[in-house]
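Inspection log for the structure reproduced underneath, given as structure tokens.
The values are calculated or read from the model by the stated rules, or taken from the named source; none is laboratory data. These numbers were taken from a predicted model, which means no experiment stands behind them. Using ideal geometry, Cβ is built from the backbone for each residue, glycine included, and neighbour counts are taken over all protein chains shown. Quick note on the areas: whole protein, heavy atoms, side chains included, nothing else; ligands and nucleic acids left out. Shrake-Rupley method; radii C 1.70, N 1.55, O 1.52, S 1.80 Å.
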Amino acid sequence: MAMPLEFFFVQLLNGLSYGLLLFMLAAGLTLIFSMMGVLNFAHTSFYMLGAYFAFQISQWIGYWPALLLAPLVVGMLGALVQRYGLRRVHQWGHVPELLFTFGLSFIVVELVQVVWGRAAVAYQVPAALDGPVRWLQSAFGITFPAYRAFAMAVAVFMLGSLWLVLTRTRIGLVIRAALSHPQQVEALGHNVPRVFMGVFGGGCALAGLAGVVGGNLFVTEPGMAAAVGAIVFVIIVIGGMGSLAGAFVASLLLGLVDAFGKTSDWSLGAMLAGLGMPIGPPDFGYTLAKLTLAQVTPVLPFLLLVLVLIFRPKGLFGTRED
């Protein structure tokens, strides 16, 4: 049995790796909402497409080309969706946009099942990363998968690149200006609709990158979009609608809650017993007190969502009124 300190560090790394993967997925959705005010219900479908495209490309020419090509293909598909779909319904308001993306998510699932089938595909971790991180194992005796460490590195690189693009480049300046003053930006000669198309495509590419990294970390199958769909929206609400910093903090928070919660046998009844308080007769209260943290962990993100909406409706870092 692992020592408590080793167990803590392993779960900490697991939580951080899962949280960073969630951030890769949530960052694109946050970016799209910041620019266009659209909650893209098909966002996790692009995540799924990234995983399937990476699987197919890796079958042909290997994983490393797939890591670069799959997000680009997904980004181009996202740009086409915005150009020939969302742009046409934008004039009718946000509700038609939501309905459009909602319907698109079902279409993508059906197309994936037609092309790749209903069963999970054998999308494997690359051989070079199939094993533990050797220096952690030799120096600290901690066994942590090398591919999870690679996924963390990709997420951190993506975060740094996104920050540099948005804050240190001319493109980022135009994007941020188009967010708050689109008419003035267009008057200066910039094509604002094209900027929106690029941002939507870029956000979808980030979701595709998350799919490339997460598809073989978990399971690549037609239900993978639905499996993370709810948690992504929880992240952007807790972090604050349109806030990348909030999405980052909320992603790490939920990743750590998931990692530590699922491995905990702590219960309310144990805490009450430790305080010398009787649990009571076998009724509903007794049953509730016997529930362990591992059993209620899947509900905790949604509990946090409710609490944030009650006490801070804008989220942790949110500033938008809509």
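Things worth noting here:
- Condition met for Leu86 (open to solvent by 10 Å² or more (accessible area, probe 1.4 Å) and of a type in the set (A, V, I, L, M, F, W, C)): no
- Some residue of segment 68-75 being surrounded by 12 or more Cβ atoms within 10 Å (Cβ to Cβ) and more than 22 Å from the chain's Cα centre (by Cα): no
- The residues listed here are Phe218, Phe233, Phe248, Phe150; of these, the one that is out of contact with any His (no Cβ under 8 Å at 6 or more places or on another chain) and assigned to a loop (DSSP other than H, G, I, E, B) is Phe218.
- Qualifying positions in segment 60-110 - of a type in the set (Ser, Thr, Tyr) and either in contact with a Phe, Trp or Tyr (Cβ under 7 Å, 6 or more places away or on another chain) or not in a helix (DSSP H, G or I) (or both): Thr101, Ser105
- Taking segment 111-121 as the range and being touching a residue at least 24 places away in the same chain (Cβ under 8 Å) and not in a helix (DSSP H, G or I) as the test, the residues that pass are Arg118, Ala119, Ala120, Val121.
- Cross-chain or 6+ apart pairs with Cβ under 8 Å, segment 133-151 first and open to solvent by 40 Å² or more (accessible area, probe 1.4 Å), then of a type in the set (Ser, Thr, Tyr) and in a helix (DSSP H, G or I): Arg148/Ser17
- Pairing each residue of segment 46-59 that is assigned to a helix (DSSP H, G or I) with any residue that is open to solvent by 20 Å² or more (accessible area, probe 1.4 Å) and not basic (Lys, Arg), provided the two are 6+ apart or on different chains, yields C-beta distances under 6 Å for Tyr52/Trp116; Phe53/Val73; Phe55/Val121; Ile57/Leu69.
- Unique match (being within 18 Å of Leu104 (Cβ to Cβ), surrounded by fewer than 22 Cβ atoms within 10 Å (Cβ to Cβ) and free of Cβ contacts under 8 Å to residues at least 40 places away in the same chain) among Gly172, Gly189, Gly223, Gly229: Gly223
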